[in-house]
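Reviewing the structure listed below.
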Amino acid sequence: MSATPTTIRVLHVDDDPDLSMLVASALEREDERFDVVTAASPEAGLGVLADERVDCVVSDYDMPGTNGIEFLERVRADHPDLPFILYTGKGSEEVASDAISAGVTDYLQKGTGTDQYALLANRIDNAVGAARSRRALAERNRRLETLISNLPGIVYRCENDPAWPMEFAAGECAEITGYDAATLESDELNWGADVIHPDDRDVLWETIQSSLSEGDPFEVTYRIRTADGEIRWMWERGRAIDGARRDAGAERGDACIEGFITDVTEHKEREQTLERYRSMVDAMPHAACIYDTDGRFAVVNDYLADFLKTTPAELEGTRSVLVEEIRAGADGDPFGALVDGERETVHGEVEARFPGHGRAVVDYRLARLEIDGELDGIVAIGRDVTERRERERELEATGARLEALVDNSPDMIDVLDPEGRIVDANPRLCEALNREEDELLGSPVWEVDEAVDPGSVRSLLDGMAVGESRKFDGRYRRADGSTFPVEVHLIRVDLRGADRYLAVSRDITERKRREDALAGLTDATEGFMEAPDPETVAEHAVETAQSVLGRDINGVWLADDAGERLRPVVQTDAADALFDEMPTFDGGGTGERGDEGATSLAWEAFQTGDIVVCEELADEPDRYNPDTPLSSELVLPLGEYGVAAVGATDPADFDEVDVSLAHVFASTVEAGLDRAAREAESRRHRRELERQNDRLDEFASIVSHDLRNPLQVATARLDFVREECDSDHLDAVERAHDRMEALIEDLLTLGREGKAVLDIEPVDLDTVSRSCWQSLRTPEATLALETGAAVHADRSRLQQLLENLLANAVEHGSTSSRPKADDAVEHDPADDRPRTDGSAAAVTVRVGELADGSGFFVADDGPGIDEAERDRVFSSGYSTAAEGTGFGLSIVEQIADAHGWSVALLESETGGARFEVRDVETTA
C-alpha cells in the first residue's frame, strides 16, 4: 500500500505477533486510510521509524527488555511531535501517570470484543489529525514569519483612532522608525502623536477615514519623525478588519486596521528631485524637449509649448519642424547620425517658420540621451535668437554709422587700453595734434596730454567702473610743441569684450579766453564800484578793455547832461597814435540806415541801446570818418551815460567770444557809471540836507528863544494880574498863551522831524498805541485795538505819528468839550455800540492792520472830513479846530516820508476819518 497524504501510516509494536496481526487487520477494516506496520519489539519499531514515514505509533506496555514507557521516551528523543498511543492490557494509574509524563499522546487499555478496535481507530485518527494540524499551523507560521522578516517594512494591526495605538507590529520596525516592535506595541509610544509628522496627521486621518467609509483599502504617503529626530517618508496600505477576524483574546473594540508600512524616503526624494528638474526645465527661458528616434516629440517643456502656442500634451507624438529643417539644410542626415550613434551632438542655427509662432531664428543643440547604455531619445535645447540676430544686424549698421560719425566728428576722439595707451584715434585728433594716426597708436596718453602723468592716468582708469564717466581739463601738445587747453569726457566701455576707455576731447581755447576775461572783469568790478565819478569810471573802463579784453585801441565817450552830444573822455595811447583828435558825436542828421540823428555808429549805438558790430568799416555807410584807419569796430552802448568803442586795424577781428565779452564789459561799465551818478546825486542831496538842517537849526533857535521868552514873560505877567484883579478876559488870555505854547511845540517837532535820523527796529503796534492813548487827554472816548503785528520803524517817530493821529481823531471826532485825561477808556471792539441815553456822542478810535498786510490804519466814527478838504489836511497850518495848530497831520506825513511810507485819508466804515499808512514792513 503506497502512502499518500490521506494515508495514515500506523506502527503497531507488540511482542505477541498474532495479536499484532489481529489489531492491524481490525484497524485497516475500520478505516481504509490506515496502513498498519507491525513490529515485535521496541528495537524493531525504532528501525521502522528510522526507515519509513509513520504517522502514529501504537505500542504495548509490557514487553520483554523494554516496556512501552521506555520505548516512548526513545521515540520522543527523535520524534518529539509524533503521535504515540499506549495500547496495553496492563492498566493502572501509575502506568497512565508515567505515560503522560513521558509525553504519550493517548492511553487506551485493551479489552474484549471488536468495539475496542473502533475506539482505537478513532483515537489514532484524532491523534494524527491533531498532529497534522499542528504541523500545518507551524509551517504556516514559519512561512509567515519568514515572509514578514523579509518584507522591506512593517506589518501592523492598530485601532482605528487618531492616535493609531498599535496592537501588533513586526518587520523592520527598528530599521525604519528607530523603535523596536515591543516599543511600538507598548503604551510608552503613540504612533499618531509621537511618530507621525504633526503637519500630516489631520490629512492622513481624513484620507484613511474616507476610504474606510467606502469599504475600500487605503493607500497613503506621509512623513514620520524617527527616534533620532530624522524626517522620513512612509507609504502605507491597509484595510479595516472586523471583530471576527481578530484574535479571540483581544480586549479592545472592534474598530481595527491591519496593513503594511514601508520607507519610501529615497523614492520620495527621487520624485522631488525629478520634480525640481522638471520645474527647472519648465522654467528655462529656452525650448527643451526629447525626441524619439523618428523625430517626434516625446517630452516637451512649457517654454517650447508656449513658443508654439500649444500645450505639451498636444505636441507629444507630433513631428518637429526643427528636425525637418535641420535635415533639409544639411548634407546627409545629422539627426539620423545621432540616432545611429555616429555623432554625439549636433548644433547650429536655423531660420524657419514655426507653427503657431511664425518666422524665427533658433539656435539649437541636440545630443544623444542614453540610459544604462541604451539610446532613450534625443535631447534638444533651442533658443529663440531672433531679436539678438536683429540687434546684431542693427549693431553692425549702427557700428558703421558710428564709425562714420567718429571719423567725421568735430570733436577729438581716442580710445585707450587699461594701460593708458592710445589704441584708436579719429582724424580730428590727428589733425589737431598735427600727427599721423600711426604715430599716435600705441603712444601713452601722457605724451599727448601734458596735464597728466602715468601714475594719475592708471589711478584714474583703475577707479572707473564700466559705464562710469569722468570730465576733466587737460592740455594737449601738438607736434611742434605748442599746446592748447581741452575738456576731456572719459567713459569706460566694453567694446566687444575688450576693456576700453573712450575719450572725447574738445578744444576750449576760446572758452578759457572767455573765462579768463570774465574773471578779469570780475576783478575789475571793484574798481568800477569804487570810482567816485563818471570820468574815473571811463578811465578804468579803458584800462580794463586793454588789460582784460586785450584791446589796445579803445575809448569812452560820455553824454552831456542834456543827452545831445557824446564827448570823448579817455582813450588808450594806441588810439591817440591813430587819431589826431577824438571827435564829438551828436545827432545832427539822418544816417544811411534811416535813423534820425544817426550820423555815426557811436550815435546809432547810443540812440538804439544796441551793440554795433562792424566787421568791415570800409563798407559801413554810417561810419563817422570815411578815412578811418580802423578796419573793424565794436561800439558798446553804456545806457544813458554814453558809449565805449573798441577798434582793430584788421578786418573781421571780432568773433562771438569778443562780442559776448563786450556785452558783459559794457554792462559792467554801465553799472559803474550808474553807481557813480547815484553817488554824485547822493553827495548833492547830502549837501542840500546839510543846508536844510542849518536852516532848521536856525528856525528852532528862533522859535525856542525869540518866541518862547516873550511868551514866558506874558504868562508870568498874567499870573501877577490874576493876583491883583479878576476878569473873564484873563481866561481868554490864558487860552491864547496855551495856544501859542502848542504852536511853538508843533513847530519844534516839525523842525526835528525834518532832520531826523531813524533807528529802525520792530515795534509792537498794540503796545505803542496803548502808550500813546494813555498820554492823551481824551473825553469819554474808546480805543479799539485790532492788531498783533510789529511795525519796522523808529520807535519815537512812530509814537509821535500815532499820538498825532489819535489826538486828531479825539479832538475832531467828539462833539463834547475837552475833558480830563481820566475820562478816556479802552475796551474791545465788540463793546462798540451807539448810545441811547441822549448824551453827547463819544468817539471810538480803531487801530488795526490793513487786510493786505501792507500797513496799518487809524479810524474813528466821528463826523469825518469832507472829501473836498481831504487833499489839504496834510498841509502845514491846516486845522478845523479852533485850538488846533495845523501842524499835526503835516508832521504825520513827514514822519511817514522819512520811513518811506505813504499816508492817505479815507472815509471810515462808520463815516468818520480813516488814515491808512502803507508800504510798511510788518512782522506777524
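The values are calculated or read from the model by the stated rules, or taken from the named source; none is laboratory data. The structure displayed is predicted, hence computed values, not measured ones. Cβ coordinates were reconstructed from backbone atoms using ideal geometry, including for glycine residues, and neighbour counts include every protein chain displayed. Remember, those area values only see protein heavy atoms, side chains included, never the ligands or the DNA or RNA. Shrake-Rupley method; radii C 1.70, N 1.55, O 1.52, S 1.80 Å.
Checking each residue in region 413-441 for being touching a residue at least 24 places away in the same chain (Cβ under 8 Å), of a type in the set (A, V, I, L, M, F, W, C) and either open to solvent by less than 40 Å² (accessible area, probe 1.4 Å) or farther than 15 Å from Leu490 by Cβ (or both) picks out Ile413, Val415, Leu416, Ile422, Leu429, Ala432, Leu433, Leu440. Those strands (runs of 3 or more DSSP E) of region 417-508 in which at least 2 residues are among the β-branched types (Val, Ile, Thr), considering only elements entirely within it, cover 422-425, 483-495. Within region 668-682, residues that are in contact (Cβ under 8 Å) with a residue 60 or more places away in the chain and among the basic types (Lys, Arg) sit with their Cβ atoms under 9 Å from residues that are surrounded by 21 or more Cβ atoms within 10 Å (Cβ to Cβ) and assigned to a helix (DSSP H, G or I), at 6+ positions apart or across chains, in these pairs: Arg675/Phe528; Arg675/Val537.
Would you tally the residues in region 44-67 being open to solvent by less than 60 Å² (accessible area, probe 1.4 Å) and without any contact (Cβ under 8 Å) to a residue 60 or more places away in the chain?
Total satisfying the criteria: 14.
For region 549-571, which residues satisfy the criterion of being part of a loop (DSSP other than H, G, I, E, B) and either in contact with an Asp or Glu (Cβ under 6 Å, 6 or more places away or on another chain) or open to solvent by 40 Å² or more (accessible area, probe 1.4 Å) (or both)? Within region 549-571, Gly550, Asp552, Asp560, Asp561, Ala562, Glu564 meet the criteria. Specify the residue that is most open to solvent (accessible area, probe 1.4 Å); the eligible residues are those in region 105-135 that are more than 10 Å from Tyr87 (Cβ to Cβ) and of a type in the set (Val, Ile, Thr). Across region 105-135, the extreme among qualifying residues is Thr112. Across region 176-198, not a single residue is classified as exposed (fewer than 15 other Cβ atoms within 10 Å of the Cβ) and closer than 20 Å to His267 by Cβ.
Of the residues making up region 50-74, just one is closer than 23 Å to Arg135 by Cβ, in contact with a helix residue (DSSP H, G or I) (Cβ under 7 Å, 6 or more places away or on another chain), modelled with pLDDT under 90 and aliphatic (A, V, I, L, M), namely Leu72.
Cβ separations smaller than 6 Å between residues 6+ apart or across chains give the following pairs from region 254-268 residues that are charged (D, E, K, R) to residues that are assigned to a helix (DSSP H, G or I): Asp254/Gly243; Asp263/Ile176.
Among what's in region 68-86 and is aliphatic (A, V, I, L, M) and under 23 Å from Gln109 (Cβ atoms), pick the residue that is surrounded by the fewest Cβ atoms within 10 Å (Cβ to Cβ). Let's see the steps before the verdict.
First, the residues of region 68-86 that are aliphatic (A, V, I, L, M): 69, 72, 75, 77, 82, 85-86.
Checking which are under 23 Å from Gln109 (Cβ atoms) leaves us with 69, 72, 75, 82, 85-86.
On the way: Ile69: 17, Leu72: 24, Val75: 24, Leu82: 19, Ile85: 24, Leu86: 27.
It comes out as Ile69.
All conditions in (1) among the β-branched types (Val, Ile, Thr); (2) open to solvent by less than 50 Å² (accessible area, probe 1.4 Å); (3) at pLDDT below 85 hold for Thr590, with the sole exception of (2).
Just the residues that are of a type in the set (Phe, Trp, Tyr) and under 16 Å from Asp384 (Cα atoms), please, taken from region 277-332. Answer for region 277-332, where residues must be of a type in the set (Phe, Trp, Tyr) and under 16 Å from Asp384 (Cα atoms): Tyr303, Phe307. Among the conditions (1) over 22 Å from His347 (Cα atoms); (2) in contact (Cβ under 8 Å) with a residue 60 or more places away in the chain, Leu369 misses just one, which is (1). Scan region 627-643 for residues that are surrounded by fewer than 17 Cβ atoms within 10 Å (Cβ to Cβ) and touching a residue at least 60 places away in the same chain (Cβ under 8 Å) and the total you get is 1.
Here is a check on your reading of the model: is Ser41 open to solvent by 30 Å² or more (accessible area, probe 1.4 Å), within 27 Å of Thr114 (Cβ to Cβ) and in contact with a Gly (Cβ under 8 Å, 6 or more places away or on another chain)? Spelling it out, Ser41 is indeed open to solvent by 30 Å² or more (accessible area, probe 1.4 Å), within 27 Å of Thr114 (Cβ to Cβ) and in contact with a Gly (Cβ under 8 Å, 6 or more places away or on another chain).
In region 217-291, counting only strands (runs of 3 or more DSSP E) that sit wholly within it, the ones holding 1 or more residues that are under 48 Å from the mean Cα position of the chain (by Cα) and modelled with pLDDT of 90 or more span 218-225, 231-241, 287-291. The single residue among Pro444, Pro410 that is open to solvent by less than 40 Å² (accessible area, probe 1.4 Å), of a type outside the set (A, V, I, L, M, F, W, C), within 27 Å of Asp494 (Cβ to Cβ) and touching a helix residue (DSSP H, G or I) at 6+ places or on another chain (Cβ under 8 Å) turns out to be Pro444. With respect to Arg752, determine if the residue is basic (Lys, Arg), surrounded by 15 or more Cβ atoms within 10 Å (Cβ to Cβ) and at pLDDT 65 or above. Taking the combined requirement at face value, the residue does not satisfy it.
Please determine whether any residue of region 12-26 is at pLDDT 90 or above, touching a strand residue (DSSP E or B) at 6+ places or on another chain (Cβ under 6 Å) and within 22 Å of Ala77 (Cα to Cα). The answer is yes; a qualifying residue exists. Taken together, the criteria exclude Asp302 from residues that are open to solvent by less than 80 Å² (accessible area, probe 1.4 Å), touching a residue at least 40 places away in the same chain (Cβ under 8 Å) and farther than 19 Å from His347 by Cβ. Could you check region 479-506 and list, in sequence order, the residues that are more than 19 Å from Glu437 (Cα to Cα), touching a strand residue (DSSP E or B) at 6+ places or on another chain (Cβ under 7 Å) and open to solvent by 40 Å² or more (accessible area, probe 1.4 Å)? If the condition is that a residue be more than 19 Å from Glu437 (Cα to Cα), touching a strand residue (DSSP E or B) at 6+ places or on another chain (Cβ under 7 Å) and open to solvent by 40 Å² or more (accessible area, probe 1.4 Å), then His489, Ile491, Arg492 are the ones that fit.
So which pairs qualify, if the first residue must be in region 849-873 and over 23 Å from Cys772 (Cβ atoms), the second must be not aliphatic (A, V, I, L, M), the Cβ gap must be under 8 Å, and the two must be at least 6 apart or on different chains? Cβ pairs passing all conditions: Glu867/Glu907; Glu869/Thr880; Arg872/Tyr878.
Are any of the residues in region 346-369 assigned to a loop (DSSP other than H, G, I, E, B) and open to solvent by less than 20 Å² (accessible area, probe 1.4 Å)? Looking for residues that are assigned to a loop (DSSP other than H, G, I, E, B) and open to solvent by less than 20 Å² (accessible area, probe 1.4 Å), one finds none in region 346-369, hence no. Looking at Arg708, is it at pLDDT below 75 and out of contact with any Ser or Thr (no Cβ under 6 Å at 6 or more places or on another chain)? When the stated conditions are applied, Arg708 passes them.
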